[in-house]
Amino acid sequence: MITKRRAISEIFATLMLLAVTVTGSALLASLVYGSGIQNTPTSSSFQSSYSIKLTGYDTRDSSDLSGIPVLDNKFDKKICTISCAGFANNIPTSASPGTEFLVLQIRNVSPDYVYVKSILINGIEHTWDQTTAGKTLDASSNDFTGKYPANSKFSIIPTSGLVQRSDHRLNSDEEVRIIIKLGSTIPSDISLTKPIIASINFGGIRASENVILSGEIR
């Protein structure tokens, strides 16, 4: 009789463990999948994370950035911002140097069009320069009519060709180059090999944040 009671107790214990396991699994599944909202990204959160992909950049203290003729930075072992504030809209290679250029190459990988609303470089906002619309990019000499973007501004050109876009819209799967004239209000010049935080705001909940290095081409 003692042996039979012990055997029955072991069976009950095993059944109770199985019941607890099944119940726990069911509760976990309910929490995870429930109504399908908790872990399924909404369209806006998907867009904020995945719409814009950085495919290349050029932050060199050099000439012909991203292979673009006469888009040059001054050879001064830094990316000039605040110390070039006095002549900020001049080109960097002039006798009175202006702030320097960065080039970002980005692709819209979402199925819908997006707008590049602004780009933050180390926390300082840069906006699209409307005066550049439809004009051929030319930074061979100082210009204030839109041949290149003014300081704290950017323009957009295709991956081949130099005509600046007439808007800041990117169609689905479109890839472009962003020409950024750095803002003179960036608190300090950027030393070579130092990180640059580039946050691309295209209307999503979160901007597309990228950490790149100055003095590099990718």
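The values are calculated or read from the model by the stated rules, or taken from the named source; none is laboratory data. Fair warning: this is a prediction, and the values are worked out from it, not measured in the lab. Here the Cβ positions follow ideal geometry from the backbone for every residue, glycine too, while neighbour counts run over all protein chains shown.
Computed quantities for the displayed model
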read-out: Residue among Ser63, Ser25 that alone is in contact with a Ser or Thr (Cβ under 9 Å, 6 or more places away or on another chain) and either over 26 Å from Thr136 (Cβ atoms) or at pLDDT 85 or above (or both); value: Ser63
read-out: Close pairs (6 angstrom Cβ cut-off, 6 or more residues apart or separate chains): of a type in the set (Gly, Ala, Ser) in segment 184-196, surrounded by 15 or more Cβ atoms within 10 Å (Cβ to Cβ) and in a loop (DSSP other than H, G, I, E, B) anywhere; value: Ser184/Ala88; Ser184/Thr99; Ser184/Asn151
read-out: Residue match in segment 179-187 (condition: closer than 25 Å to Ser110 by Cβ and under 19 Å from the mean Cα position of the chain (by Cα)); value: yes
read-out: Pairs where the first residue, in segment 60-73, is over 21 Å from Pro158 (Cβ atoms) and the second is outside any loop (DSSP other than H, G, I, E, B) and of a type in the set (Lys, Arg), C-beta under 8 Å, 6+ apart; value: Asp61/Lys78
read-out: Only one of Arg169, Arg165, Arg177 that is of a type in the set (Lys, Arg) and in contact (Cβ under 8 Å) with a residue 60 or more places away in the chain; value: Arg177
read-out: The listed residue being touching a His at 6+ places or on another chain (Cβ under 9 Å) and not acidic (Asp, Glu), out of Pro149, Pro111, Pro158; value: Pro149
read-out: Lone qualifier among Ser172, Ser140, Ser166, Ser155 - being closer than 26 Å to Gly86 by Cα and not in a strand (DSSP E or B); value: Ser140
read-out: Members of segment 160-188 found to be surrounded by 13 or more Cβ atoms within 10 Å (Cβ to Cβ) and more than 17 Å from Tyr115 (Cα to Cα), listed by number; value: Leu162, Val163, Lys181, Leu182, Gly183, Ser184, Thr185, Ile186
read-out: Enumeration of residues in segment 40-60 that are among the small types (Gly, Ala, Ser) and modelled with pLDDT under 95; value: Ser43, Ser44, Ser45, Ser48, Ser49, Ser51
read-out: Residue in segment 197-215 that is touching a residue at least 12 places away in the same chain (Cβ under 8 Å), under 17 Å from Pro69 (Cβ atoms) and assigned to a strand (DSSP E or B) present; value: no
read-out: Condition broken by Leu170, with the remaining ones in (1) within 19 Å of Arg206 (Cα to Cα); (2) within 13 Å of the chain's Cα centre (by Cα) satisfied; value: (2)
read-out: Qualifying position, being aliphatic (A, V, I, L, M) and without any contact (Cβ under 8 Å) to a residue 24 or more places away in the chain, among Ala85, Ala95, Ala133; value: Ala95
